[in-house]
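Working notes, beginning with the structure itself.
Read-outs: derived from the displayed coordinates by stated rules, not from any lab. The model shown is predicted, which means the values in this text are computed figures rather than measured ones. In this analysis, Cβ positions are derived from the backbone assuming ideal geometry, glycine residues included, and neighbour counts consider all displayed protein chains.
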Amino acid sequence: MILAVALAWSTVACNTTGKKSEATGTGDTATMVQKPSVVDNASLDGTWELKSLTTPETAGKEFKDLFKDKIPTLTFTAKDHKVEGNNGCNGIGGTYESEKGNSIKIGDKLVSTMMHCDNAAYNEFMNGLKSTTNFDVRDDELTFMSGDIVVMQFTRK
């Protein structure tokens, strides 16, 4: 009896070890396969529109309430390490550093016009840029992080 139970257990274990679930559309457990991220300076090229901002100042606020009139954008020219755009109110521009891998230093290198806007969280946007230490580009999404905490997410325009 013990030998029969041991033999049955080893047969089940051998038949399931190393198998991956795959999505079949028939109710099986799906395995999500994400496209690998791109983490080089050239992947930043182009224009990006902000879709989320997570800073201590924006906690608990809806994104649509942060930028009622104009959504912030950034346009990168990777070969020159230049960036320009707007922070939801003011024009911004300057340079950024991205030496190796996915590291980036951007916020302290930008200049800005100095208009005041009531319907824009432009200071929060600039603080988010200053806190950014690394980035990730996956498909048409750019994510700025501070360490491993997501600060901003953009979509390619």
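Report the calculated FRET efficiency for residue 61 and residue 40 (r = Cβ-Cβ distance, R0 = 22 Å), to the nearest 0.05.
Working: r = 33 Å, r/R0 = 1.51.
After rounding, the FRET efficiency stands at 0.10.
List the residues, sorted by chain then number, that are 5 or more residues from residue 87 or on another chain and whose placed amide H is less than 5 Å from its amide H.
92
One quarter of the convex hull surface, Cα atoms only: what value does that give for the stretch 33-151 in nm²? Don't skip to the answer; put the middle values down first.
Working: hull surface 29.7 nm².
Across all orientations, the stretch 33-151 yields a mean hull projection of 7.4 nm².
Across the stretch 100-117, in residue order, what do the Karplus-derived ³J(HN,Hα) couplings come to in whole Hz, using 6.51 cos²θ - 1.76 cosθ + 1.60 with θ = phi - 60° and x for Gly and Pro?
9, x, 10, 6, 8, 10, 10, x, 7, 10, 9, 10, 8, 5, 10, 6, 9, 10
Using the structure shown, list the pairs from 64/157; 61/100; 70/100 with a Cα-Cα distance above 29 Å, or answer none. Let's see the in-between values first.
On the way: 64/157 18 Å; 61/100 34 Å; 70/100 33 Å.
Long pairs (Cα-Cα over 29 Å): 61/100; 70/100.
To make sure I understand the rule: partners must be aspartates and glutamates, Cα under 16 Å from the Cα of residue 130, and not fewer than 8 residues away in the same chain. Which ones qualify?
In chain and number order, the partners are 57, 84, 97, 108, 148.
So what's the net charge close to residue 126: Lys and Arg +1, Asp and Glu -1, counting the other residues with Cβ under 12 Å from its Cβ?
On the way: positive: 109, 130; negative: 57, 108, 124.
Computed value for this residue: -1.
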